[in-house]
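The values are calculated or read from the model by the stated rules, or taken from the named source; none is laboratory data. Keep in mind that this is a model prediction, so the values were computed, not measured. All Cβ positions, glycine included, derive from the backbone under ideal geometry; neighbour counts span all protein chains shown. With ligands, DNA and RNA removed, areas are computed over all heavy atoms of the protein, side chains included. Shrake-Rupley method; radii C 1.70, N 1.55, O 1.52, S 1.80 Å.
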Amino acid sequence: MEVVRFEYHPELLERFIDVPCRLYRKDRHWIPPFRDSVRAQLGPEAPFRQHGRMVHFLAVEGTEAVGRCSAILNRRYEEDGEPIGFIGYFEGPDRYEVTEALLSEAVAWLKAQGVETIRGPLNTSTYHPYRFMTRGYEHGSFFLEPYNPPHYPEHWERFGFKPCRQYASMIVDSKECADLLQRDYDRTIAAGLRFRTFDRSRFDDELRLMYDLSTRIFSGSWMWRPISFPEFRDLYAAMRSIMDPELCYFLFQDEEPVGFVFGLPDFGAALRAMGGKSDLWAKLRFLSKRGQAKQALLKTFGVVPGRRTGTYALALCHVFHRAATERGYAQTVHALMRDDNVSLKMSLKRGGEPYKQYALYQLGN
């Protein structure tokens, strides 16, 4: 087996992108990412390359690429004045020697750049996919969720990585949760605040509002770093045709925007049918499966500093779960919450049942 290193090489990049297609070809739960999107993330014009460097490693046996990963140095990420390195885009078979060879190369490259703390899996920033699923494999996968076979975290731990943060997804009865949050909604309305849905006819303006609110809400959170609006817009642009404006609300106090909630129908089955493609036939396959969405995904919510009464955030959750109920989603997944976050406690208190668990891993310090 040989590990091939490259920064940008069109032919090798296509082989890099192909690796998970072969590894997951018999896995009915895997949702293939859009190839064009992955290609853009890894290409020479990717916005990330303005503030970081990324080197790819491809494990090759004969003529077949059997595994891959990337070593990532994002200059936006430092702790105590020291850079943090990441390993992302990891995929490989259930053969530890492949994992060991890939991680060894990636770690060596990062250490040569002066990095002592390495985390992963993380694809350039927390705005992109990161974490391994560690429990809940029997539930398959939902849209926008990390998904991997069980041997990935096992191999990383054998190499020396240890979990540095744990995360969970919970599942709730949509109507029951909305009813439990009714009082918080009533109090918020009585205080003079108002809600409105996302206006898809003003898509870029609404994304700008969501971007500004996100920056204010999450600034200072562990492992969160700001990205530029063009990067943010590119991430959400692909969701324009599949988002449901009734599952995205903004909260206003007088004319000031003070919070938002963002979620989506779980179109996992429909997106899986597209096979990572975006041509006409793939879109038709999506439309044929769209009606199979049975649950909603609560992805992100928050209230800006200075307005965090607790009640306002819960009121945002009420309008989301009420809308999910009205649109026929009997269940809602509270997705990807850090285990020490208040949102996880909120979910448990409102009937949330453990559904999935995940971990971010660290090597060094």
> Assuming LEU251 fulfils every condition listed in (1) open to solvent by less than 30 Å² (accessible area, probe 1.4 Å); (2) part of a helix (DSSP H, G or I); (3) under 16 Å from TYR211 (Cα atoms) apart from one, which condition is it?
Replying inline: (2)
> Quick one: what pairs do we get from the stretch 23-42, first residue closer than 19 Å to ASP279 by Cβ and surrounded by 15 or more Cβ atoms within 10 Å (Cβ to Cβ), second among the basic types (Lys, Arg) and at pLDDT below 90, C-beta under 9 Å, 6+ apart or different chains?
Replying inline: PRO32/LYS277; PHE34/LYS277; ARG35/LYS277
> Under 6 Å by Cβ, and 6 or more places apart or on different chains, what pairs join a residue from the stretch 219-248 that is free of Cβ contacts under 8 Å to residues at least 12 places away in the same chain with one that is open to solvent by 30 Å² or more (accessible area, probe 1.4 Å) and not small (Gly, Ala, Ser)?
Replying inline: none
> Out of (1) touching a helix residue (DSSP H, G or I) at 6+ places or on another chain (Cβ under 8 Å); (2) open to solvent by less than 70 Å² (accessible area, probe 1.4 Å), what's the single condition that is false for ASP204?
Replying inline: (2)
>> Out of everything in the stretch 222-248 that is touching a strand residue (DSSP E or B) at 6+ places or on another chain (Cβ under 9 Å), more than 22 Å from ALA46 (Cα to Cα) and in a loop (DSSP other than H, G, I, E, B), what residue ends up being modelled with the lowest pLDDT?
In response: ILE242
> When the stretch 78-129 is examined, which residues are found to be open to solvent by 50 Å² or more (accessible area, probe 1.4 Å), in contact with an Asp or Glu (Cβ under 7 Å, 6 or more places away or on another chain) and outside any loop (DSSP other than H, G, I, E, B)?
Replying inline: GLU82
> If you take the residues of the stretch 328-365 that are over 16 Å from VAL172 (Cα atoms) and among the hydroxyl-bearing types (Ser, Thr, Tyr), which of them is farthest from the chain's Cα centre (by Cα)?
Replying inline: TYR361
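Let's see how each residue does on (1) modelled with pLDDT of 95 or more; (2) on the phi > 0 side of the Ramachandran plot; (3) among the charged types (D, E, K, R):
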| position | (1), (2), (3) |
| --- | --- |
| PHE159 | yes, no, no |
| LYS175 | yes, no, yes |
| ASP179 | yes, no, yes |
| ASP184 | yes, no, yes |
| ARG200 | no, no, yes |
| ARG208 | yes, no, yes |
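Can SER241 be described as of a type in the set (Ser, Thr, Tyr) and open to solvent by 60 Å² or more (accessible area, probe 1.4 Å)?
yes
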>> Need pairs with beta-carbon distance below 8 Å; first residue over 21 Å from LYS26 (Cα atoms) and within the stretch 270-284, second open to solvent by less than 60 Å² (accessible area, probe 1.4 Å) and modelled with pLDDT of 90 or more; sequence gap 6+ or separate chains.
In response: LYS283/MET274
> So how many residues does the stretch 309-338 have that are surrounded by 19 or more Cβ atoms within 10 Å (Cβ to Cβ) and small (Gly, Ala, Ser)?
Replying inline: 5
>> I'd like the residue in the stretch 172-192 that is of a type in the set (A, V, I, L, M) and under 18 Å from PHE262 (Cβ atoms) and, out of all such residues, is surrounded by the most Cβ atoms within 10 Å (Cβ to Cβ).
In response: VAL172
> So which residues in the stretch 287-315 are in a helix (DSSP H, G or I), touching a strand residue (DSSP E or B) at 6+ places or on another chain (Cβ under 9 Å) and either among the polar types (S, T, N, Q) or touching a residue at least 40 places away in the same chain (Cβ under 8 Å) (or both), if there are any at all?
Replying inline: TYR312, ALA313, ALA315
